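Asker: Pasting a structure here, questions to come.
What follows is calculated from the coordinates using simple rules that are stated; it is not laboratory data. Computed from a predicted structure; not experimentally measured. No Cβ is skipped: glycine too gets one built from the backbone with ideal geometry, and neighbour counts run over all protein chains shown.
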Amino acid sequence: MTKQEKIYKRLPGKKKGLIGIYTLWQGPDHLLAIDSKRFSEDYKRFYYNDIQAIITRRTSRGKIYNLILGVFCVFFVLLALPSRGGGAVFFMVMAGLFLLALLVNLFLGPTCVCHLQTAVRFERLPSLNRLKNAYKAVKILKPLIEKAQGSLTPEALETYFLGNSLKRSVGPRERDASSGRRHEHGNFHKALAILLLVYGVIIFIDMFINNPGVSLIMSGVGMAAVVVMIIALVRQQGSDIYNALKSTTWATLALMIMEMVLGYVIAMTVVFKNPVIANNQWEMIKAISEISPFDSSWHLGIYIFSICASFLLGIAGLVLVSRFQKEYAQLNVQPGTE
Amino acid sequence: MIRCTACLGPLRRDIFNTPGLTSCPSCSVLIRADVFPALVREQPEGTSGEVLAIDDEAGCFFHPNKKAVISCDACGRFLCSLCDVEFDDRHLCVSCIETGRNKHKIKTLENHRILYDTTALALAVIPMLFIWPSILTAPLALFTAIYYWNAPTSIIPRTKVRLVAAIVLAGLQIVGWSVFFYYLATR
């Protein structure tokens, strides 16, 4: 068997998805992006001579992961504290696993998205999803690309920009006209913010009034918030809405998931304590609503956290959406202001 | 034009080729753009081929009324400047490129490969965990490993360890099942 010639050298960065693994390889005259789908592989080649730009953008995904992992870690620690025996061990192990994942995520560093541009293609490089890997890969690729194309002189860049009339500065809201992004009115975001505030108020009421009616209203408002949140998440994709407002909607999704998990845990606890009510929904709702948050410290902690998070996200969302709508209205009154 | 990948707004010249991240002037996300001379390079215009002026000049195989400028390095057909494709330091005609692509003769044109070694190994390992399916999958794994022994695997060179492991595991399973059925028959 003849030994195969090694013409590709692996570049830093790897992304493992549910189906595929993305890697990037340095070839003699091109960059090879491999999308490995376990039993098959797809290849994309980018010749060094054709690469116009590599654009790296920092994202907040890593911070969101940290937040979610941190919250789950604290959550399991809180569950472990009042527990005894096997339960305490299980919750501590779960907390440990989330802590480990958090530490790994912290070690991997900030996240980013990396794109490669040629004259006819604009491709995302999924393997470069961490900033330090993207920097390392660009550091390796830069000399290879410059060897194939030569160096870019400031004069050449100046001439190019003069030719494209791009010397003007771009204002904060000017981007919509230039980018052609869809305008989003933000009404769903406003409705979500209001629902979150209402939800916070109802949780506050539920703390003191242990009534099934209040619990049902709380569930109804929560479900309505989930529906509006999904619509807002869909509508904000590719829209001109503030990034901060988009992040608020994503944070609401994280809160709602947490609320659902907590609700499920509480319901399961009630069912385990009273197995007879397991098949009777009304009895179960009554039993859950009769639990006073003042009976256990972690239950009280969850209530306080939910109230604070709902108010925080609701107020932030309302302020941001009001500012966004006001700014857009002003832009429409005075068109052509640059 | 280089655009911000978050807001799609055009990026300013002063944020190109900076050592670290810079704020996008439109949406304020932290971004870094490494640009290269290909951005400012003029794209060469395509040529349509020169029309034959006199009859004794060689014409293109695909366009007989166009003047041949080169012959295909693979098949030798005369090509006009429109049909000449410069590829991997060779001048090829479109039909040779198509054939090379279909028959996997031009490695740099391949954009998809099936990993038979991984498939054979998966067929040998995964059903083994559920025991009974391996009656069918063990011979299948053995067949796949042997039949595709010389088939190209990943474009990144890899050893035949997966195929060997698949053959060994599938062989052991077949032996195991044979012994089991023999035992059942002779009990």
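Asker: Under 12 Å between alpha carbons, and skipping anything fewer than 8 positions from A:LYS14 in its own chain: which aspartates and glutamates qualify?
Answerer: Reachable aspartates and glutamates: A:ASP35.
Asker: Here's something else I'd like to know. Add -39500 (n - 2.57) for each DSSP H run of 4 or more in chain A, then divide by its residues: what number comes out at 222 nm, to the nearest 500 deg cm²/dmol? Don't skip to the end; give the middle numbers.
Answerer: Working: 10 runs with 202 residues, N = 338.
So the helix-based figure for chain A works out to -20500 deg cm²/dmol.
Asker: For the range A:252-305, count all C-alpha to C-alpha pairs, find those more than 19 Å apart, and express that count as a whole percent of the total.
Answerer: 31 percent
Asker: If the cut-off is 14 Å between C-alpha atoms, which aspartates and glutamates fall inside it for A:LYS139, apart from same-chain ones fewer than 8 positions away?
Answerer: Cα-Cα hits under 14 Å: B:ASP34.
Asker: Sticking with this one: Using only C-alpha atoms and all pairs of different ones, pull out the Kirkwood radius for the range A:1-121 in Å with one decimal. Write out the running numbers ahead of the final one.
Answerer: Details: mean 1/r = 0.0558 Å⁻¹.
It works out to 17.9 Å.
Asker: Over every pair of different alpha-carbon atoms in chain B, take the mean of 1/r and invert it; report that Kirkwood radius in Å.
Answerer: 22.9 Å is the Kirkwood radius here.
Asker: Moving on to the next point. Please average, across the residues of A:143-152, the number of beta carbons from any other chain that are within 10 Å of each residue's own beta carbon, and give a whole number.
Answerer: Values: counts 0, 0, 4, 2, 0, 3, 5, 4, 2, 10.
What the average comes to for A:143-152 is 3.
Asker: Turning to a different aspect of this structure: By a straight-distance test (C-alpha under 18 Å), which lysines pair with B:LYS107 as possible cross-link partners, with residues fewer than eight away in the same chain excluded?
Answerer: Partners found: A:LYS3, A:LYS6, A:LYS9, A:LYS44.
Asker: How many Å³ per residue does the convex hull of the Cα positions in the range A:210-302 occupy?
Answerer: Roughly 106 Å³ of hull volume per residue.
Asker: Shape call for the range A:13-77 from the C-alpha gyration tensor, a ≥ b ≥ c root eigenvalues: rounded (a/c under 1.5), prolate (a/b greater than b/c) or oblate?
Answerer: oblate
Asker: Counting Lys +1, Arg +1, Asp -1, Glu -1, what net charge surrounds A:ALA193 among other residues with beta carbon under 14 Å of its beta carbon?
Answerer: Working: positive: A:LYS190, A:LYS246, A:ARG323; negative: none.
Around A:ALA193, the charge tally is +3.
Asker: Then there is this: Which whole number gives the average, over all residues in A:38-45, of C-beta atoms from other chains lying within 10 Å of the residue C-beta?
Answerer: Details: counts 4, 8, 8, 11, 4, 10, 1, 4.
What the average comes to for A:38-45 is 6.
Asker: Whole number please: convex hull volume per residue, Cα atoms of chain A, in Å³. All intermediate terms of the calculation are to be shown ahead of the outcome.
Answerer: Values: hull volume 66.6 nm³, N = 338.
Taking only Cα atoms, chain A has a hull volume of 197 Å³ per residue.
Asker: Provide a whole-number value for the mean count of partner chain Cβ atoms within 10 Å of the Cβ atoms in peptide B:162-172.
Answerer: Across the residues of B:162-172, the mean count of other-chain Cβ atoms within 10 Å is 0.
Asker: Please list A:276-284, B:77-85, A:193-201 highest first by mean number of surrounding beta-carbon atoms within 10 Å per residue.
Answerer: A:193-201, B:77-85, A:276-284
Asker: Report the Cα-based extents of the range B:48-112 along its three principal axes, largest first, to the nearest Å.
Answerer: 45, 17, 16 Å, listed from the longest principal axis down.
Asker: Let me ask something additional. Sorted by mean Cβ packing within 10 Å, highest first, what order do the peptides A:84-92, A:243-251 take?
Answerer: The peptides rank, most packed first, as A:243-251, A:84-92.
Asker: Next up: Among the trypsin sites (Lys or Arg not before Pro) in the range B:86-116, which ones are in a DSSP loop with at most 10 other Cβ atoms within 10 Å of the Cβ? Mind listing them?
Answerer: B:LYS103
Asker: Also: What whole-number volume per residue, in cubic angstrom, does the convex hull of the C-alpha atoms of the range B:133-173 give?
Answerer: Convex hull of Cα atoms, per residue: 60 Å³.
Asker: Shape call for the range B:87-176 from the C-alpha gyration tensor, a ≥ b ≥ c root eigenvalues: rounded (a/c under 1.5), prolate (a/b greater than b/c) or oblate?
Answerer: Prolate shape, in that a/c is at least 1.5 and a/b is the bigger ratio.
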